[in-house]
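The values are calculated or read from the model by the stated rules, or taken from the named source; none is laboratory data. Model, not experiment: these values are computed from the prediction. So basically every Cβ, Gly included, is an ideal-geometry build from the backbone, and we count neighbours across all protein chains shown.
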Amino acid sequence: MLSIIIKDLRTILSDKHAVAIIIIMPLILMTILSFALKSSFSDGDYFDEGVKIAVVKLYDGDEDSKMFDETLRNGIFSKNMGEETITKLGDSSRDVDPEKIFFQEFLGSDEVSKIISYQVEDEKTAMELLDKNEVSAVVTLPEKFVYDMKVNLVTPFRNNVDIKVEVHPDKSIEGVVVKSVMESYSSAMATVIIGKNVIIEQAMVNGVGELKNLDIVMEELTNVLEHMDIEIKDVVVEGRKSITSADYYAAAMMAMFILFSAGHGGRMLLEEKENKTYGRMIMAGTSKFSILSGKFVVVFLLCSIQITIMIIYSHFALKVHWGNIVNTAIISASAAFAVAGLGAFIASATFRAGNFKLANTFESAIIQGMALLGGSFFPVDVMPKVIQNLSFLSLNGLALKSYLKVMMGYGLNDVMKNVAALGLTGIVFLILSVAILNRKEEHYVKHNKVKTVKA
């Protein structure tokens with residue numbers, strides 16, 4: 001079998017057209033795309049579609065407002081305040097709407113809405129959306145949110161408002177963006193609250209007339225929120241490396257072009273049948289399973305050669321850091337195994353069909369479809385929802401996601417599902433190829449035996 005493997009490898013690597021497609025073309029494309037789309041991965045444009053979040057409201061706005069009015073007149077707020085001051089603060093509180101401030105003036109502002117798109121959900125639904133990766137984060141507004149914010153904005157007191165942000169484990173970068181935006185909101189509110197406290201304290205000392213300036217503070221709050229400048233640039237998660245255009249397209253082109261090895265491997269059985277090599281090997285006592293195993297190993301080795309060349313080139317020419325070398329090698333081996341299984345399947349199916357239509361269709365159409373679904377052309381996160389839901393069907397998509405995670409600093413456990421899926425896919429394709437070849441081979445041998453008797 002070793003001689004068969006060496007012969008097939010020499011045949012493919014001596015074909016200039018094949019070498020151009022499986023080795024030279026991906027090197028050229030990853031270089032061009034790395035430089036052409038550099039700004040899309042470094043200046044925050046990746047978030048132009050908006051980071052999707054779900055907002056959970058644990059409070060009752062009407063009840064909170066009633067509680068505040070009652071506390072203002074009969075609680076601790078009324079101590080050391082005259083009736084006129086309390087009345088003025090009550091009037092001001094009715095003009096202060098923390099919900100409107102947060103949702104319309106903050107999340108709805110031009111600057112924030114460019115970065116974040118939100119939907120309000122109950123807690124259970126929001127967590128389900130987060131688990132399904134349909135939102136990047138869940139922002140939870142706590143109980144008594146309206147009450148506490150009115151206390152902070154209208155009275156000289158200050159209550160703690162803990163806005164909780166939960167992030168999907170696969171959306172670390174987006175999580176940092178959401179947390180940064182929420183911190184901007186907290187900073188803006190803190191600035192206004194400090195100014196408000198100064199005015200109210202002056203009113204308590206000098207008289208209620210000072211409270212007329214409170215309306216000016218509220219107008220300033222609206223102005224701050226509407227013109228807030230939030231810049232998302234070179235976002236880095238602690239312990240994680242951000243992905244550059246060179247990182248992305250080095251992995252994307254490699255994951256896509258190893259599929260062409262399956263296409264080339266898929267032609268070998270039928271080519272050997274047409275030039276009588278297959279029949280001579282069978283007559284010489286070589287089993288059909290040995291022949292098929294040889295094709296599987298050839299595709300596996302061809303993928304390994306592609307991967308090695310592209311990793312070395314991208315590392316030195318494009319400065320791509322592939323992460324932990326052992327994890328990268330394991331992903332590469334599982335990807336090559338899956339593609340080799342696919343190549344054996346195409347080879348058997350092409351042999352059975354007696355023509356190259358399947359292999360041609362695979363190279364001209366199926367690979368392009370898998371590349372689109374898997375994110376080899378554009379990141380899956382910016383693609384339509386339908387394509388995102390179907391991305392798991394592509395071998396290159398599983399490999400690409402695994403490579404990117406390792407590049408970012410994740411461990412092998414974080415990509416083990418994808419690695420296992422690639423291995424299982426290779427096994428399934430290999431079993432199918434054996435079944436197809438076995439059935440076809442029986443017919444082929446019987447046909448040859450009849451011809452021999454007649455001769």
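Computed quantities for the displayed model
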item	result
Number of positions in region 124-167 that are more than 29 Å from residue 193 (Cα to Cα) and of a type outside the set (Ser, Thr, Tyr)	11
Residue 79 being basic (Lys, Arg), out of contact with any helix residue (DSSP H, G or I) (no Cβ under 7 Å at 6 or more places or on another chain) and either modelled with pLDDT of 65 or more or not assigned by TED's automatic domain parsing to the domain that holds residue 175 (or both)	no
Among (1) in contact (Cβ under 8 Å) with a residue 60 or more places away in the chain; (2) closer than 25 Å to residue 405 by Cα, the one test that residue 150 misses	(2)
Near pairs, Cβ below 6 angstrom, 6+ apart or cross-chain, from region 346-357 (outside the structural domain of residue 264 (by TED's automatic domain parsing)) to any residue that is buried (at least 24 other Cβ atoms within 10 Å of the Cβ) and not β-branched (Val, Ile, Thr)	none
Residue among 285, 263 that alone is in the same structural domain as residue 356 (by TED's automatic domain parsing), farther than 17 Å from residue 26 by Cβ and over 24 Å from the mean Cα position of the chain (by Cα)	285
Residue that is farthest from residue 339 (Cα to Cα) [pool: residues in region 287-318 that are surrounded by fewer than 16 Cβ atoms within 10 Å (Cβ to Cβ) and in contact (Cβ under 8 Å) with a residue 12 or more places away in the chain]	317
From the options 174, 121, residue that is under 30 Å from residue 241 (Cβ atoms), of a type outside the set (Phe, Trp, Tyr), modelled with pLDDT of 75 or more and surrounded by 15 or more Cβ atoms within 10 Å (Cβ to Cβ)	174
Unmet requirement for residue 373, which otherwise passes all of (1) of a type outside the set (Asp, Glu); (2) without any contact (Cβ under 8 Å) to a residue 40 or more places away in the chain; (3) over 20 Å from residue 257 (Cα atoms)	(3)
Any hit, region 332-354, residues being of a type outside the set (D, E, K, R), modelled with pLDDT of 95 or more and surrounded by fewer than 21 Cβ atoms within 10 Å (Cβ to Cβ)	yes
Hits in region 405-442 - residues which are in contact with a helix residue (DSSP H, G or I) (Cβ under 6 Å, 6 or more places away or on another chain) and within 24 Å of residue 321 (Cβ to Cβ)	405, 406, 407, 412, 414, 415, 418, 419, 422
Residues satisfying the stated conditions in region 410-425, i.e. outside any helix (DSSP H, G or I) and either in contact with a strand residue (DSSP E or B) (Cβ under 6 Å, 6 or more places away or on another chain) or surrounded by 13 or more Cβ atoms within 10 Å (Cβ to Cβ) (or both)	410
Qualifying residue in region 40-58 (condition: out of contact with any strand residue (DSSP E or B) (no Cβ under 8 Å at 6 or more places or on another chain) and at pLDDT 85 or above)	no
